[in-house]
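I am attaching a structure below and will ask some questions about it afterwards.
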Amino acid sequence: MRDAGGERATIDPTVAARLLRTLADGDAPARAVPDTLTPRERQVLCLIAAGRSNKRIALELGVAEKTVKTHVGHVLAKLGVSDRTQAAVVAVRAGLTDGS
């Protein structure tokens, strides 16, 4: 469906409401964590989900902050998300965190 100007695709209000309810209820299907993540990238993803900053991750892993930034970039790309918050949601829904 297109808007009146024909420039943007729109979504039916009923479908939009159902989608918002599903996301709010946490019933959206979990996005799988790709097998292409390296063990280190999985480790970084878990630390992101735990709320650690790049600096803190670097200290915990004993690597340079620039290395962490590289890992974070790879994780975001492989998960197909645009930010750390979305990556954390993927990690939680995939059961990669202990919930604490």
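Quick one: ranking 68, 89 by accessible area, 1.4 Å probe, largest first, what do you get?
Working: 68 0, 89 65 Å².
Of 68, 89, the descending order of accessible area is 89, 68.
Spelling out what I want: for every residue of region 73-83, take phi, set θ = phi - 60°, compute 6.51 cos²θ - 1.76 cosθ + 1.60 (Karplus), and round to whole Hz; glycine and proline get x.
x, 5, 4, 4, 5, 5, 7, x, 10, 10, 8
The values are calculated or read from the model by the stated rules, or taken from the named source; none is laboratory data. Note that this is a predicted model, so its numbers are computed, not measured. Areas reflect the complete protein model, heavy atoms only, side chains present, ligands, DNA and RNA absent. Shrake-Rupley method; radii C 1.70, N 1.55, O 1.52, S 1.80 Å.
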